[in-house]
Each structure stands twice: as structure tokens, then as C-alpha cells.
Amino acid sequence: IRRNMNNPRLQEHGINALRTLAFTCDRQDEFISLGGVTIVLTAMYEHRPDIRVQEACCKALEVLGFQVKHHHGLIEAGAIDSVMWALLSYKYDPRLVESCFKALHCLLYQSGSSVKVSKKARVGRHTLHSMKLHKNHAGVQEYACKLLICLVRRKDKYKRALMQEGACALILTAMQNHLFNVNVQRIACLALLAFIDRNREHKKYLLNEGEGLNVGTVLLTSLDQHPLDDVLQEYGCKLISRLFHEVGNHLKTQFLKATVVAMDNHVEDERIQEIGCRILGATKSFSTNVGVYDLVEEALITAKSVHPNDERILSLVARFLN
């Protein structure tokens, strides 16, 4: 690769080979120690007009950045700036945009304070812009949501800024446009959870925004479409538990029914049962008023009988039955 820096096709195939060979942590360590990062970033710089080289390099950076211990070195070498250049230069190509998002997700995962806030803000803005440009591309939407989760982790002020720029509306749009893609549904739910966390202000912001999309309707449709996917049902139930006390009675009733369905379909799953019991356990008077008491009671009794040794589930069930 070093002897043929001016040959774009050799650079492309050589870097693809490097990525393929670096399939273990030891190999990644070896390639980085031999100057693999410099080779990739130099190829990106020297062959900016070649989209195939840019894509190969983004994929290689994703692999070389697999281990957290290498993140600082990659960031210091300018990997984020190089990927951002490719993203902005080829923003209309969904395949390259997806590769850029995968690389950025890998580089920014657990990056902490090693990346300036201004740089993260720039990444966030262009991520939202790409979500708007490629609404119908599932891969772009999935990895954009993953990238947003990295960016907003434990940063309330930054969450608000992205929410005001329409992040939650775009996530809901991704869920609606890719209803049958369970990976998009899973990561979109996780992204919404990352944005609202336990902040009541953020919950209300989510419920009031969405450009005509109702978060409750979108979430219930998603859960209804994938009833047997345990990961999605868990994330969906978590989202219901965070939003339950902020919504009106009609949506609360729908949330209760969706929770019961999730518990019925995943009786052996302790996480879903626990989250479900947490939602249902505090609804005795409400479930009686809206006519779903028997439904809720049956789900809780089933959870208690299937998980007789789980103290958290038992205490939550007792709260309702007593």
C-alpha cells in the first residue's frame, strides 16, 4: 500500500484487505503498531475525489477503532475530521453515509472528554441532516440513532439542543418509515430512552413534538408489529414506564394493554416481567376505572407464579394485589 500511494484502486483493495485481516484484537493491535492508521488517513486525504477509497477507509477505521484503548490515538490522528470530510463531501450517497456513521459511532463510543464539545455538536448537526436526506434508507437511520446515543450520553444540555433541532421527530419518522425493520425499531427506542432518560422536561418535550407523529401511536404500532422480539419489547416497555405518568388516560390504557401483551408473550423473560410489573403494580385504581383490572391482575399473578424467587417481581406484584 505504501509503495502505491498514487494508485486509488490499489489503495481501495489494499485497505479492504487490511480491514478483512484485522478480525481479531491482536491483529488490530499489530496493524495499528505498524502504522495502519496513518496509511488509512493518508489514503483518505490523497484520494478525496474517489468515493470507493473513502468508503474503504471508513470501514477500515470502524474495525481499527473496535477497541476502546485505540480511540484516543485515532482521534488524535484526525480520524473524526477525515470521516466528517467524507460525510460532507458525499452526503447524497446513502451507502457512504452509513459507512461514515459506523466509523463515527466506533470512534465516539466512550470517547468522554477526548473529543471537544464543539466537534460533537458538529457531528450531531450533520447526523440529523443526513437523517432528513436519507429517510428511506434503513442503514443510515439505524446507525444515525446509534451515533446520537453516543453523543447524548449523560449530557442533558446537549440533549436539549439536539431535541430542539428535531432529533426526536426524526427518530419517530425512522420508526414509522421502517416499521418492518426490527433493528431500526430497537435502536430507535433505545435512542428515545437516551434522550428522555428520567428528565421530566425532556419527556414532555418528546410528547409535544414529532411533527404530527404521536410517540405513543408510533411506539404501540412498533410493539404490535414485532410481538415476539424480546429486545424490542424490553426497550418498548422501558419507554412506556418512563412516559406512563405523563400521558392522558386513553394512552395510559393502551400502554397497559401493550405491557400485558409483552408479559404474556415473554413469561420467561425476567427483565420484561420486572419492567411490566413496575408499570402495572402502581395502577390498581386506574385499571379498575378503565375496565382492565382483570387483565392486569392475571398478568401479575402469572409473573409471580413463573418467577417465585425474584424478590423484585414479588414486591411489585404485592403492591398491586394488596
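The values are calculated or read from the model by the stated rules, or taken from the named source; none is laboratory data. Remember, predicted model here, so these are calculated numbers, not experimental data. FYI the Cβ positions are ideal-geometry reconstructions off the backbone, even for glycines, and counts take in every protein chain you see. We work out accessible area using only protein heavy atoms, side chains counted, and drop any ligands, DNA or RNA first. Shrake-Rupley method; radii C 1.70, N 1.55, O 1.52, S 1.80 Å.
Remarks
- Leading residue by the ranking (surrounded by the most Cβ atoms within 10 Å (Cβ to Cβ)) among those in the range 114-158 that are at pLDDT 85 or above and basic (K, R): K146
- When R242 is tested against (1) at pLDDT 95 or above; (2) charged (D, E, K, R); (3) crowded, with 18+ Cβ neighbours inside 10 Å, just one condition goes unmet, and that condition is (1).
- The number of residues in the range 64-73 being crowded, with 21+ Cβ neighbours inside 10 Å and not small (G, A, S) comes to 2.
Residue-wise test of (1) open to solvent by 30 Å² or more (accessible area, probe 1.4 Å); (2) of a type in the set (V, I, T); (3) assigned to a loop (DSSP other than H, G, I, E, B).
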| site | (1), (2), (3) |
| --- | --- |
| L41 | no, no, no |
| Y45 | yes, no, no |
| P49 | yes, no, yes |
| R52 | yes, no, no |
| A60 | no, no, no |
| I75 | no, yes, no |
| I80 | no, yes, no |
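- From the list K257, K252, the lone residue that is open to solvent by 50 Å² or more (accessible area, probe 1.4 Å) and not aliphatic (A, V, I, L, M) is K257.
- Top-ranked residue in the range 91-105 [being touching a Leu at 6+ places or on another chain (Cβ under 7 Å) and surrounded by 19 or more Cβ atoms within 10 Å (Cβ to Cβ); ranked as nearest to L133 (Cα to Cα)]: V97
- Whichever residue in the range 14-39 is touching a residue at least 40 places away in the same chain (Cβ under 8 Å) and farther than 16 Å from H70 by Cβ and, among such residues, is surrounded by the most Cβ atoms within 10 Å (Cβ to Cβ): I15
- Residues that are of a type in the set (D, E, K, R) and modelled with pLDDT under 90 were ranked within the range 159-206; the one that is surrounded by the fewest Cβ atoms within 10 Å (Cβ to Cβ) is R198.
- Conditions (1) in a helix (DSSP H, G or I); (2) surrounded by fewer than 19 Cβ atoms within 10 Å (Cβ to Cβ); (3) of a type outside the set (D, E, K, R); number of the one not met by P227: (1)
- Residue check, V296 touching a helix residue (DSSP H, G or I) at 6+ places or on another chain (Cβ under 6 Å), assigned to a helix (DSSP H, G or I), surrounded by 17 or more Cβ atoms within 10 Å (Cβ to Cβ) and at pLDDT below 95: yes
- Contact annotation: residue pairs with Cβ atoms under 6 Å, 6 or more positions apart or on different chains, pairing a residue in the range 309-322 that is under 11 Å from G281 (Cα atoms) with a partner that is charged (D, E, K, R) and open to solvent by 30 Å² or more (accessible area, probe 1.4 Å), are L316/R278; V317/K304; F320/K284.
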